[in-house]
Amino acid sequence: MVWYSDRKIIRIVDNWIFGELFNTARVLDVGGFDNALTNLAVRLKTQVVGGDLFRKLAFERVTFGRDSVTIYEMMQCTPYLSNEQCNLCLYG
């Protein structure tokens, strides 16, 4: 991870930085997709918030449905944030 800034960033919670990638494919089971995505996000948030001073990063994939659709997800907090600050940022 590389982070450039023109202002102080150490020990500052800044939740405006994020990235998203979109897949334009259609999902047949929208409810199943939402459920799988939510469960995956909860697991990753727990791992990230429970991280240590060196790593607050989690990534995982889950496959669901008859079509075996795979969802990839990654979450990260910068390691210098406390677990409480990371939790606040991710759970907003």
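The values are calculated or read from the model by the stated rules, or taken from the named source; none is laboratory data. In this text, all values refer to a predicted model and were calculated from it rather than measured experimentally. A quick note on method: Cβ atoms are made from the backbone with ideal geometry, for glycine too, and the neighbour counts reach across all protein chains shown.
Exactly one residue out of LEU40, LEU81 is of a type outside the set (D, E, K, R), surrounded by 18 or more Cβ atoms within 10 Å (Cβ to Cβ) and in a helix (DSSP H, G or I): that is LEU40. Taken over region 1-55, the criterion of being polar (S, T, N, Q) and at pLDDT 80 or above is satisfied by ASN35, THR38, ASN39, THR46, GLN47.
Checking each residue in region 57-79 for being of a type outside the set (S, T, N, Q), closer than 16 Å to GLN47 by Cα and in contact (Cβ under 8 Å) with a residue 24 or more places away in the chain picks out VAL62, GLU73, MET74, MET75, CYS77, PRO79.
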